[in-house]
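Worksheet: one structure, shown below.
The values are calculated or read from the model by the stated rules, or taken from the named source; none is laboratory data. Predicted, not measured: the structure shown is a model, and the values here were computed from it. So basically every Cβ, Gly included, is an ideal-geometry build from the backbone, and we count neighbours across all protein chains shown. Quick note on the areas: whole protein, heavy atoms, side chains included, nothing else; ligands and nucleic acids left out. Shrake-Rupley method; radii C 1.70, N 1.55, O 1.52, S 1.80 Å.
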Number of protein chains: 2
Amino acid sequence: MRHLPPLNALRVFESAARHRSFAAAGKELFVTSSAVSHQVKTLEEYLGLSLFSRSKRTVALTPAGEQYLTSVRHAFDEIEMATQRLTANQESKVVKISVAPNFLTRWLMPRMARFQALYPDIELEINASMGLLDFDRTSTDMAVYFGNGEWDDIEVHFLRKIMLVPVCSPQLLEGELPLEKPEDLAKHTLIYVRKRKWEWENWLHQSGVDFISARGSLQMSSGQLATAAAEEGLGVALADSTLTSREIKSGKLVVPFDIQLDTNRAFYLVYRKQRPLTIGMKAFKEWMMSEM
Amino acid sequence: MRHLPPLNALRVFESAARHRSFAAAGKELFVTSSAVSHQVKTLEEYLGLSLFSRSKRTVALTPAGEQYLTSVRHAFDEIEMATQRLTANQESKVVKISVAPNFLTRWLMPRMARFQALYPDIELEINASMGLLDFDRTSTDMAVYFGNGEWDDIEVHFLRKIMLVPVCSPQLLEGELPLEKPEDLAKHTLIYVRKRKWEWENWLHQSGVDFISARGSLQMSSGQLATAAAEEGLGVALADSTLTSREIKSGKLVVPFDIQLDTNRAFYLVYRKQRPLTIGMKAFKEWMMSEM
DNA sequence: CTCGATTGATGAGATTATTTCATCATTCTG
DNA sequence: CAGAATGATGAAATAATCTCATCAATCGAG
C-alpha cells in the first residue's frame, strides 16, 4: 500500500519552489497564480506544515520546503527522464556525451575533426564534468569514465587501460637536481592527485624504489591540475601517456623514466543499462571502441 | 520548463503494474477497475505506446511498461520517503537498522540484550542486507557499513577499524601440514572474499612473506561464508577479530598467527545527510559509538 | 457441461478536483 | 503618487476523474 501526497499539488509545489515565485510557477504551468496558491495550501494542509514562508510580496522556502524540494526534484527528474526515454526517437543523431575535462581537452577535442569526418551527420553535445552520473535522472546519453570499471547498474564497455608515466617540465631535467634514475625522485617534489596517492606509491614500488618520503609533495584536486603543475615545473606528476602525448610531442612535458605503471584502471564508455541505443549512440560507441 | 506525464494516471499505472492487475489496483486505490482502465488508457495515449499487453482476463507488462515501472517506482519511493520524513514523529522510539548478516550474527545479536537493558523503551527493527542503501528511497533509518568511509551524500560516523587476523579450524593445526610460521601458508588453502583479494596480499606482504601462490585458494562471496569455510577446516581465512571473538573463545576457530592487518577500512554508522535524528536514532547512535 | 464469478474495455453521466474570477492587502517602481 | 506586481482567499466555473451500466471473454465450482 503506497502513501503518496496529492501529486498535482506536488507538481505545482515543485514549480513554485524551483522559481521561488507563485506567479512564475503559474506562467510555467499555464495556470493563474491563484491556482498555485490554492495547490500549495492544499499540500501544506495535507503535510501539516509550511513549505513556504510568506513575506510581503515574496515567498521563501522553509527548511522543510528546501528538503522536500530536493527529493521531489529528484523524483520528477527521474519521471521526466524515464518518460523521455520511453518516447525518444531511436533514430536520433544527436548524442549527449559527458567526459572529464582532462579527457576532453587532451584526448577528445584533438580527435573531434576525425569523428566529424567519419560521421558527418552525427551531432555531439559534449559536457565536461567530473564524477559519476545518475543515468536514471540525467539526459546525458553516454559518458567516458575512468576507474576500475566496477560500477553497478550501468553498462560498462572497456576502452583502454590507463598507463601512467612520470612527466615533468624539461626545466627540471636542466635543473641542479639530477633526475636520471628513479631514486633521484626523492629529491624532487612529487605531484599527487587527491585520493590517488597510491599511484606514486605503486609506481615507486614497481620501480624498485623504496623510500618513505620525497623532498616534498604537492596534492592537486584533479589530474588536469596535476599535469598542469608538472608543466609549470613544480615537480613530477604521473599522467596517462595517451592523454599527454601532445604535450610530450611539443616538448612541454618530458618523460624522465619510461616506466609505465600498469594500474587496474582504464577508460570505459558507459551508459544506462538496458537502454536501446539511438543511431547517434551507436555511432559514437563504434568510434570510441575503434579509436581508443 | 518541466515535462511530466499526467501524474494521477502515473500513480494508477504504478499500482496496476505493481499488482499486474487492474482490479487489485482499484482495490488499493479505492476506485473501480474501470477508473484504472481509463487512467491507463489515458497514459498510454499520452506516451503513444502500450504499457500493458492485454490477454483475455489478465494483463502483462510490455518491456516498455517494465522499464517505466522501474523508474516510476523509484521516483514514487523517493516521494513517499521524503513525505514520510517530513511528517515523521521526531519522538519515535522505533529505529530501523540495516546491517550485514555477518555483523548481525557475530556482533550485534550477542549484544542485543545489553542494548535492551540500557534502552528498554527503544525498539530496533533489524534488517540483514548486503551492500549500500539509497537513503532517499528507503525507510531504513540507519545502517552499519564497513569500508573506507568514503561515501558521498550520507552522514558517516566512524565506529572502529577493521583488523584482520588469519583464522582457521583447530583441525588444521593438528593436520600433517605445519602452520607455525606465515611462510607455511603457502602449503594451505587461502580463503578469499570476492573483490577483496588484496586482503591476503597485504597481510602476506606485511608479514614479510612474498610468494606468488598458495597451494590453492577458495573464493567466497561474503565474509560470513569465508569465516564459515574456515570453521569447516577448508583453509585459512582473514577475519575481523571482534566479529570472530566468540568463535575464537569457544575454540571453533584459532588464530595461527596473531598478526593483525591494519586495513584502511572500518565500521561506520551511516544515515541520511541532514536528517534530524529521532529519539530512537539518537539512542542507537550513542550506544553504537560507546559499544564499539 | 453450465452458470456464476471474475477480469478488463468502453461510453455516458455524476462527482470531485482544479482552476478562474473577483477582491483584498501590501509592497515596489517609474 | 499611482499603477503594477505578488500572494491570499472565497465563490463559481471548468476540467478531470470516477461510477455506472453494459459488453466480451474466460475460468472454476458444482
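Restricting the range A:51-66 to residues that are within 11 Å of chain B (Cβ to nearest Cβ) and surrounded by 13 or more Cβ atoms within 10 Å (Cβ to Cβ) leaves a set whose member that is nearest to DNA strand C (Cβ to nearest atom) is A:Leu51.
In this entry, A:Leu179 is excluded by the filter for residues that are within 26 Å of A:Asn264 (Cβ to Cβ) and either assigned to a strand (DSSP E or B) or touching a Pro at 6+ places or on another chain (Cβ under 8 Å) (or both).
Filtering the range B:124-143 to residues that are under 12 Å from B:Phe103 (Cβ atoms), open to solvent by less than 40 Å² (accessible area, probe 1.4 Å) and either assigned to a strand (DSSP E or B) or in the same structural domain as B:Phe257 (by TED's automatic domain parsing) (or both) leaves only B:Ala143. Cβ-Cβ distances below 6 Å connect the following pairs, each with a first residue in the range B:1-23 that is touching a residue at least 12 places away in the same chain (Cβ under 8 Å) and farther than 21 Å from A:Arg18 by Cβ, a second residue that is surrounded by fewer than 22 Cβ atoms within 10 Å (Cβ to Cβ) and among the β-branched types (Val, Ile, Thr), and a separation of six or more residues or different chains: B:Ala9/B:Thr42.
Could you say whether any residue in the range B:86-106 is over 15 Å from the mean Cα position of the chain (by Cα), over 27 Å from A:Thr70 (Cα atoms) and in contact (Cβ under 8 Å) with a residue 40 or more places away in the chain? Yes, because at least one residue in the range B:86-106 is over 15 Å from the mean Cα position of the chain (by Cα), over 27 Å from A:Thr70 (Cα atoms) and in contact (Cβ under 8 Å) with a residue 40 or more places away in the chain. In this structure, A:Phe146 does satisfy being crowded, with 19+ Cβ neighbours inside 10 Å and of a type in the set (Phe, Trp, Tyr). Between B:Leu86, B:Leu69, B:Leu29, the distinction of being open to solvent by 20 Å² or more (accessible area, probe 1.4 Å) and more than 16 Å from DNA strand D (Cβ to nearest atom) belongs to B:Leu86 only. Taking (1) among the β-branched types (Val, Ile, Thr); (2) within 14 Å of DNA strand C (Cβ to nearest atom); (3) outside any loop (DSSP other than H, G, I, E, B) in turn, A:Ile79 satisfies each apart from (2). Pairing residues of the range A:48-60 that are without any contact (Cβ under 8 Å) to a residue 40 or more places away in the chain and within 9 Å of DNA strand D (Cβ to nearest atom) with residues that are open to solvent by 40 Å² or more (accessible area, probe 1.4 Å) and not hydrophobic (A, V, I, L, M, F, W, C), at Cβ distances under 9 Å and at least 6 apart in sequence or on separate chains, gives A:Phe52/A:Arg20; A:Thr58/A:Arg20.
Scanning the range B:139-151 for residues that are farther than 20 Å from B:Leu243 by Cα and out of contact with any helix residue (DSSP H, G or I) (no Cβ under 7 Å at 6 or more places or on another chain) yields B:Thr140, B:Glu150, B:Trp151. Of the residues making up the range B:68-97, those that are under 15 Å from B:Leu51 (Cβ atoms) and more than 7 Å from chain A (Cβ to nearest Cβ) are B:Leu69, B:Thr70, B:Arg73.
Of note, A:Phe30 does not satisfy the criterion of being over 23 Å from B:Thr138 (Cα atoms), of a type in the set (Phe, Trp, Tyr) and more than 11 Å from chain B (Cβ to nearest Cβ). So, in the range A:27-50, exactly how many residues are within 38 Å of the chain's Cα centre (by Cα) and more than 9 Å from DNA strand C (Cβ to nearest atom)? Number of matching residues: 8. Among the residues making up the range B:1-26, those that are within 22 Å of A:Phe30 (Cβ to Cβ) and either in contact with a His (Cβ under 6 Å, 6 or more places away or on another chain) or within 11 Å of DNA strand D (Cβ to nearest atom) (or both) are B:Pro5, B:Pro6, B:Leu7, B:Asn8, B:Ala9, B:Leu10, B:Arg11.
Only a single item in (1) at pLDDT 85 or above; (2) open to solvent by less than 50 Å² (accessible area, probe 1.4 Å) is not met by B:Gly216, and it is number (1).
Does the range A:9-26 hold any residues that are within 14 Å of chain B (Cβ to nearest Cβ) and either open to solvent by 70 Å² or more (accessible area, probe 1.4 Å) or more than 9 Å from DNA strand C (Cβ to nearest atom) (or both), and which are they? A:Leu10, A:Arg11, A:Phe13, A:Glu14, A:Ser15, A:Ala16, A:Ala17, A:Arg18, A:His19, A:Ala24, A:Ala25 - these are the residues of the range A:9-26 that are within 14 Å of chain B (Cβ to nearest Cβ) and either open to solvent by 70 Å² or more (accessible area, probe 1.4 Å) or more than 9 Å from DNA strand C (Cβ to nearest atom) (or both). Number of residues in the range A:198-251 that are among the hydrophobic types (A, V, I, L, M, F, W, C), assigned to a loop (DSSP other than H, G, I, E, B) and under 21 Å from A:Arg111 (Cβ atoms): the value is 1.
Of the residues making up the range A:257-273, those that are modelled with pLDDT under 90 and either among the β-branched types (Val, Ile, Thr) or part of a loop (DSSP other than H, G, I, E, B) (or both) are A:Phe257, A:Asp258, A:Ile259, A:Gln260, A:Thr263, A:Lys273.
Looking at B:Ala64, is it under 17 Å from B:Ala16 (Cβ atoms), among the hydrophobic types (A, V, I, L, M, F, W, C) and outside the structural domain of B:Gln274 (by TED's automatic domain parsing)? Yes: the conditions hold for B:Ala64.
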